[in-house]
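Below is one structure; the comments refer to it alone.
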Amino acid sequence: MILPGAKRIPLFCLVLTIASDSCDSKKVSISTDQIPEKFPKISRKQSDLLLSGFGKVFWNFLRENKSPDLKEIASDECISSLKDVLDLMDLREVSALRMVTASGRLPTNFFSGAFADLGSFDQCLDPGTTIDLPQRSKFMGQYCLAALGPNFPRINHVSGGIVTDLESFSQEDSLLPHQSNPKFNMSIHFGFCVPSLCARTEVEHLISEALKPYSWELVKRLSCHTEKKFPQLLREASRGQKISLDLIHTIDKQSKPWISSLLE
């Protein structure tokens, strides 16, 4: 039994073959002038940030800027260590790759309201992330947690005779409603893994300069951590902490003979 319309199928393919030399479907290309203006869009810089991520923007900034330009915001020691990481990363050296990939990229489900990409704290501070080059200072990973927020232009708005600052957000500037509306006061929490030879303030300046073209900024001071040995922790301890440690040591020394006598 032949289904109705079955005989028409070869003829249909024949017509398509004559028209396109194949019965296979072709991709349809759409030019930008065919896209309706009503479709929501964001600026090119903001879309570039979404496609690359905060971590890549930071490392690309360091790669594209020469040392003399960076010396105004960071020490020679810090800049050298950052350049070492980039050079070793190009050579696919494991410790450098561990440091770079320990930084976050972009919050998962960003368009659904996610606010954090913390990267990997453990990988950043792991001994395997330590870089030890001949005739250079040995350095390890330093984990810095940043709070980032959009920094779009402000306008003055007069309400009841009082001038107030309002964010001048257009559809092309905005990434998400919860970020583009200042009344929510939201920020993105993001983890950066950088060399331990860079001071916290230097990392702050570098991140700020890297994000400036994208209209994003740090909204509060960084919180940075490195894996420290006991002698370094002791040197950085406060006077009260040192007194407490000395007291514990004294009590421990005095209690040992007493404990030994009880055991005899």
Look at residue 174 and say whether it is buried (at least 18 other Cβ atoms within 10 Å of the Cβ) and either at pLDDT below 90 or assigned to a helix (DSSP H, G or I) (or both). yes
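If I ask for residues that are assigned to a loop (DSSP other than H, G, I, E, B) and surrounded by 13 or more Cβ atoms within 10 Å (Cβ to Cβ), which ones from segment 130-139 would you list?
Initially, segment 130-139 is screened for residues assigned to a loop (DSSP other than H, G, I, E, B), giving 130, 132-138.
Passing the criteria: 130, 133, 136, 137.
Yes/no per residue for (1) in a strand (DSSP E or B); (2) touching a residue at least 60 places away in the same chain (Cβ under 8 Å); (3) over 17 Å from residue 203 (Cα atoms):
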{"position": "51", "(1), (2), (3)": "no, no, yes"}
{"position": "62", "(1), (2), (3)": "no, yes, no"}
{"position": "72", "(1), (2), (3)": "no, no, no"}
{"position": "92", "(1), (2), (3)": "no, no, yes"}
{"position": "104", "(1), (2), (3)": "no, yes, no"}
{"position": "111", "(1), (2), (3)": "no, yes, yes"}
{"position": "119", "(1), (2), (3)": "no, yes, no"}
{"position": "128", "(1), (2), (3)": "no, no, yes"}
Selection over segment 49-87 where residues are open to solvent by 30 Å² or more (accessible area, probe 1.4 Å), more than 14 Å from the chain's Cα centre (by Cα) and either among the hydrophobic types (A, V, I, L, M, F, W, C) or over 19 Å from residue 97 (Cα atoms) (or both) yields a count of 11
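The values are calculated or read from the model by the stated rules, or taken from the named source; none is laboratory data. A quick note: this is a predicted structure, and the numbers were derived from the prediction, not measured. Glycine also receives a Cβ, built like all others from the backbone with ideal geometry; neighbour counts cover every protein chain displayed. The accessibility values were calculated without ligands, DNA or RNA, using every heavy atom of the protein model including side chains. Shrake-Rupley method; radii C 1.70, N 1.55, O 1.52, S 1.80 Å.
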